[in-house]
Amino acid sequence: MHKLKVFIFPAIAAIFLTGYLTSTHNSRQSAKLSDDSIAKMPVCSIQNNRCELHVGQQKLTIQFMSPPEPEEETQVDISASEPINITSAWVEGVNMYMGKTPLLINRVSTNRVSGVFFLGSCHQPLMQWRLMLTLEKQKHPIQVLFETQR
């Protein structure tokens with residue numbers, strides 16, 4: 001068990017560092033998004049650790065396995081009514097720039113993926129976050145909005 005803890009912290013630190021290093025590139029991509037394109041993005045707000053939305057003919061369910069907490073690993077399950085292919089996914093702060101943290105994805109089945117992300121610490125008592133999911137064959141990414149409290 002101790003060896004597992006010793007492994008998990010460096011792994012999470014490496015994930016966070018990767019997110020930090022790629023944030024410059026990704027922030028340039030976000031900067032290219034106009035207010036008009038953001039308004040066209042499908043939005044899903046997490047309530048009771050889950051949300052559902054329709055993207056085209058497809059129904060998506062996004063569920064956090066536990067409430068997201070800063071400095072804790074958060075697992076998310078994404079299921080769809082049809083086969084799903086996520087081409088990119090990350091978490092970013094909405095009310096405060098925190099860089100971009102990648103969502104590490106595992107395919108469970110053709111219609112379901114699971115992922116894990118790690119939120120950084122913030123001094124604000126209420127932090128607003130956005131999980132961005134880009135699906136294959138979709139013009140605009142999906143915004144999954146959620147909050148954390150200190």
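Of the residues Thr74, Thr148, the single one that is at pLDDT 95 or above, under 23 Å from Asn48 (Cβ atoms), within 14 Å of the chain's Cα centre (by Cα) and part of a strand (DSSP E or B) is Thr74. Would you point out the residue of the range 52-69, among those that are in a strand (DSSP E or B) and more than 13 Å from the chain's Cα centre (by Cα), that is surrounded by the most Cβ atoms within 10 Å (Cβ to Cβ)? Within the range 52-69, the match that is surrounded by the most Cβ atoms within 10 Å (Cβ to Cβ) is Leu60. Restricting attention to the range 86-119, the residues that are touching a residue at least 40 places away in the same chain (Cβ under 8 Å) and either in a strand (DSSP E or B) or surrounded by 16 or more Cβ atoms within 10 Å (Cβ to Cβ) (or both) total 17.
Hey, could you check the range 76-85 for residues that are farther than 24 Å from Gln124 by Cβ and of a type outside the set (Gly, Ala, Ser) and say which is surrounded by the most Cβ atoms within 10 Å (Cβ to Cβ)? Within the range 76-85, the match that is surrounded by the most Cβ atoms within 10 Å (Cβ to Cβ) is Ile78.
For Ile142, the conditions (1) surrounded by 21 or more Cβ atoms within 10 Å (Cβ to Cβ); (2) out of contact with any Leu (no Cβ under 6 Å at 6 or more places or on another chain) are fulfilled apart from (2).
The values are calculated or read from the model by the stated rules, or taken from the named source; none is laboratory data. This one's a predicted model, so the numbers in the text were calculated from it and none came from an experiment. No Cβ is skipped: glycine too gets one built from the backbone with ideal geometry, and neighbour counts run over all protein chains shown.
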